[in-house]
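Below: one structure, written as structure tokens.
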Amino acid sequence: MPLIELKNISKIYGSGDDLVTAVKNISLNVERGEFTAISGTSGSGKSTLMNIIGCLDIQTSGKYSLCGKDTSTLSEKELAEIRNRDIGFIFQNFNLIPSLTALENVELPLIYRGIPKNIRRQLAVHALENVSLGSRADHLPAKLSGGQQQRVAIARAIAAAPPMILADEPTGNLDRKNGSDVMKILYDLNSQGKTVIMITHDENIAAHASRTIRISDGQIVSDVNNYVP
Ligand SMILES: Nc1ncnc2c1ncn2[C@@H]1O[C@H](COP(=O)(O)OP(=O)(O)OP(=O)(O)O)[C@@H](O)[C@H]1O
Ligand SMILES: [Mg+2]
């Protein structure tokens with residue numbers, strides 16, 4: 001059974017005369033352990049598709065099964081549990097909480113998961129060490145560089161060891177060096193067995209993934225396996 005199974009998924013925003021079809025009839029399977037890049041121009045529907053895959057949004061039509069479960073049958077509470085337990089999210093703008101230190105930011109989703117304080121601390125410290133930021137644990141986001149902030153966000157995404165990472169333009173606000181550091185972390189996570197789905201408008205970055213899906217105007221226009229044994 002595929003990890004992700006999208007069947008004829010469409011997403012229409014707006015109402016009345018003001019309708020935007022952001023995703024048009026997309027069918028797509030993603031297997032466990034894949035590293036998939038989704039690329040396409042601005043407005044092509046990448047984030048819309050990612051938000052559906054991440055159970056942050058619901059399709060207008062079509063069927064989305066995650067781990068064989070039809071997500072339309074799940075309650076909001078069950079969807080929240082999936083987002084919290086099974087998916088690590090990484091965003092272009094880092095989305096760190098400015099008043100919390102790096103360590104506290106990483107701990108936050110662990111609090112939501114009800115993990116006891118001492119274990120939480122250990123997991124958060126370990127996650128920050130994994131992205132080479134152990135020495136910056138007490139810094140507020142404003143005192144960190146963009147690349148460091150994104151690594152804190154990655155630590156937050158991986159602290160609870162979710163099997164799947166969804167990253168929406170994770171390198172979009174980073175320079176080349178920091179961008180390639182973030183890509184290296186994503187590769188490492190994938191080689192440790194995590195399924196990674198990453199959105200990028202940068203075709204060069206997309207080409208490093210083992211699978212590259214290009215979307216245009218809400219539809220898949222190519223789906224290429226880059227893996228060369
Ligand atoms: N909440 C919304 N309400 C109405 N229209 C929306 C909404 N979100 C996105 N859209 C529209 O849906 C289309 C796809 O948007 P989406 O954000 O998925 O594109 P994208 O590929 O992620 O673009 P970018 O590279 O700029 O992030 C666009 O035409 C956009 O204007
Ligand atoms: Mg987007």
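Where a number appears in this text, it was derived from the coordinates with a stated rule and is not lab data. Worth saying up front: this structure is predicted, and the values here are computed from it rather than measured. All Cβ positions, glycine included, derive from the backbone under ideal geometry; neighbour counts span all protein chains shown.
As a rough footprinting exposure proxy, the listed residues Arg151, Arg214, Arg113 were ranked by other beta carbons within 10 Å of their own, and the order from fewest upward is Arg113, Arg214, Arg151. Once the Cα atoms are used to define both axes, helix 176-191 deviates from the longest principal axis of the chain by about 80 degrees.
Can you tell me the length gained on complete extension of the stretch Asn25 to Arg113, counting 0.36 nm per residue apart and subtracting the Cα distance? Numbers along the way, then the final one.
Numbers: separation 88, 0.36 × 88 = 31.68 nm, distance 3.45 nm.
Fully extending the segment from Asn25 to Arg113 adds 28.2 nm.
Taking Arg211, Arg121, Arg176 in turn, the Gaussian network model of the chain (Cα-Cα springs below 10 Å) assigns the largest fluctuation to Arg176.
Counting only helical runs of four or more DSSP H residues, what would the 222 nm mean residue ellipticity of the chain come to if each run contributes -39,500 (n - 2.57) and the total is spread over all its residues?
On the way: 7 runs with 76 residues, N = 229.
It lands at -10000 deg cm²/dmol.
Would you mind ranking Cys55, Cys67 so that the residue whose beta carbon has the fewest other beta carbons within 10 Å leads the list? Mind dumping the intermediate values first?
On the way: Cys55 21, Cys67 15.
The order, fewest Cβ neighbours first, is Cys67, Cys55.
Legend: distances between Cα atoms for Lys11/Lys63; Lys24/Lys63; Lys46/Lys194; pairs beyond 19 Å are Lys46/Lys194. Here Thr200, Thr212 are placed in order of increasing Cβ neighbour count within 10 Å, fewest first, which gives Thr212, Thr200. Spin-label pair Asn8-Glu129: with each label point 7 Å from Cα along the Cα-Cβ axis, the two points sit 5.2 nm from one another. Taking amide H positions as modeled 1.01 Å from N, with prolines and chain starts lacking one, the residues under 5 Å from Asn29 and 5 or more places away or on another chain are Leu6.
Taking Ser75, Ser39, Ser65 as the candidate residues, the one with maximal mean-square fluctuation in a Gaussian network model of the chain, Cα springs under 10 Å, is Ser75. Relative contact order for the chain: 28 percent, from Cα pairs under 8 Å spaced at least 6 residues apart, divided by residue count. Taking a ≥ b ≥ c as the square roots of the Cα gyration tensor eigenvalues, with a/c under 1.5 meaning rounded and otherwise prolate when a/b beats b/c, else oblate, which class fits the stretch 76-186? Verdict is oblate for the stretch 76-186. 3J(HN,Hα) along the stretch 122-129, derived from phi through the Karplus expression 6.51 cos²θ - 1.76 cosθ + 1.60 where θ = phi - 60°, amounts to 4, 5, 5, 4, 4, 5, 5, 5 Hz, with x in place of Gly and Pro. Under the combined filter of DSSP loop state and at most 14 neighbouring Cβ atoms within 10 Å, the stretch 1-44 retains these trypsin sites (Lys or Arg not before Pro): Arg32.
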